[in-house]
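Peer 1: Once you've had a glance at the structure underneath, I'll fire off some questions.
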Amino acid sequence: MAESGQAQDHTSARVPSEERAHLEKLADELSRYDVTADVADEPSPRLRVANPRSVHAVEDVLCERREQGHAFIASFGVYLGGSASPGVAAHKVAWLVGATEA
């Protein structure tokens with residue numbers, strides 16, 4: 001019996017993407033800082049990072065596939081680091097939301 005296209009889409013939506021997995025690693029690295037970091041899948045995988053001390057200190061980080069691994073990109077297009085060194089990217093993100101000094 002053939003599955004409908006809708007059923008196939010629903011099944012594949014539950015499988016974590018590589019990008020989501022890298023964002024989850026970045027979220028783990030961000031746990032060292034006083035921020036919240038939540039992965040969202042809609043409309044595409046992104047990590048919403050917020051500094052609870054400021055309602056305006058929020059940044060969405062995207063994960064983009066590159067020739068050599070994956071790159072973490074700020075919502076305004078700035079490269080924050082690669083998936084090979086999520087700790088470096090986490091420090092930059094924490095700095096963006098005011099949770100650490102440069």
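The values are calculated or read from the model by the stated rules, or taken from the named source; none is laboratory data. If you're wondering where the values come from, they're calculated on a predicted model, not measured in any experiment. Don't worry about glycine lacking a Cβ; one is built from the backbone with ideal geometry, like all the others, and counts go over all protein chains shown. Only protein heavy atoms, including side chains, enter the accessible area calculation; ligands, DNA and RNA are left aside. Shrake-Rupley method; radii C 1.70, N 1.55, O 1.52, S 1.80 Å.
Peer 1: For the range 12-102, what is the charge dipole size about the Cα centre, in debye to the nearest 20, if Lys and Arg each add +1 at the Cβ and Asp and Glu each add -1 at the Cβ?
Peer 2: Dipole about the Cα centre, nearest 20: 40 debye.
Peer 1: Can you send over the carbon and sulfur percentage of the accessible area for the range 57-102, probe radius 1.4 Å, protein chains only?
Peer 2: 55 percent
Peer 1: Measuring with a 1.4 Å probe in the full set of protein chains, what accessible area per residue, in whole Å², belongs to the range 18-102?
Peer 2: On a per-residue basis, the range 18-102 sits at 58 Å².
Peer 1: Taking a cut-off of 22 Å, what percent of all Cα-Cα pairs in the range 17-102 are separated by more than that?
Peer 2: 14 percent
Peer 1: Within a Cβ distance under 12 Å of A27, other residues only, what is the Lys/Arg minus Asp/Glu net charge?
Peer 2: After counting each charged neighbour, the total is +1.
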